[in-house]
Amino acid sequence: MGSRRKTGVEDARLPALSRRALIAGTSVVAFGAANPAAASVALPSAAVVASDVATRRCRNWLAVDAQIERLQNRWAKLEGWLIREHSWCELSPTEQQALPWSKELRDIDGILDTLFEKRERLLETLPDTASLSLEAVVTRLAVAERLVCTEDHPEAHALIARSRLDLIAMSKENPTNLSDA
């Protein structure tokens, strides 16, 4: 019991994977790309749970990242409007605080701080989860695609994005919809 990995919650634990499950999972991953529908049937139950955990964690990270992006865009639009309409940068901090829109900026700032911490905690858990299905691999690649900055590493970003799209295209025969990732 003590050899199982902790999930961060004392009551909940991830299922332990046996050597047989790992070997079966790697076979499925290696040969599953040719026939994803047949591969998903062959997954052992522990591997399915681990893969579901990986997919769920990646989707949670992507959702938090998308929320951060929306709030940053709102901040930028609001700040740009305040600069144009109220000479925001020329105002003293007291004058800025007197404007009703400064509360929204403070609220966004507080929410962003919380979301940045949450996104970082989620990211720390991602390398520890196995991706034993195409859906889990696609969602993991979607996270990697968001993490690699296009401007800093255009080739790496393009490689990750193309790999994710190729896996989605390869899985079109599978009834599971992977394009959500």
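Testing H86 on (1) out of contact with any helix residue (DSSP H, G or I) (no Cβ under 6 Å at 6 or more places or on another chain); (2) at pLDDT 90 or above; (3) surrounded by 12 or more Cβ atoms within 10 Å (Cβ to Cβ); (4) within 20 Å of V53 (Cα to Cα), one condition comes back false. Which one is that?
(4)
Counting just the residues of the stretch 89-119 that are at pLDDT 95 or above and among the basic types (K, R), which one comes out surrounded by the most Cβ atoms within 10 Å (Cβ to Cβ)?
R119
So L112 passes all but one of these: (1) of a type outside the set (D, E); (2) farther than 28 Å from E79 by Cβ; (3) part of a helix (DSSP H, G or I). Which condition number does it fail?
It fails just one condition, (2).
Please list, ordered by first then second residue, the pairs with beta carbon atoms under 7 Å, 6 or more apart or interchain, first in the stretch 147-161 and open to solvent by less than 50 Å² (accessible area, probe 1.4 Å), second hydroxyl-bearing (S, T, Y).
Within 7 Å, the pairs are H157/T150.
The values are calculated or read from the model by the stated rules, or taken from the named source; none is laboratory data. Because the structure is a prediction, the values reported are computed rather than measured. Don't worry about glycine lacking a Cβ; one is built from the backbone with ideal geometry, like all the others, and counts go over all protein chains shown. Heads up: the accessible areas ignore ligands, DNA and RNA and are worked out on the full protein's heavy atoms, side chains in. Shrake-Rupley method; radii C 1.70, N 1.55, O 1.52, S 1.80 Å.
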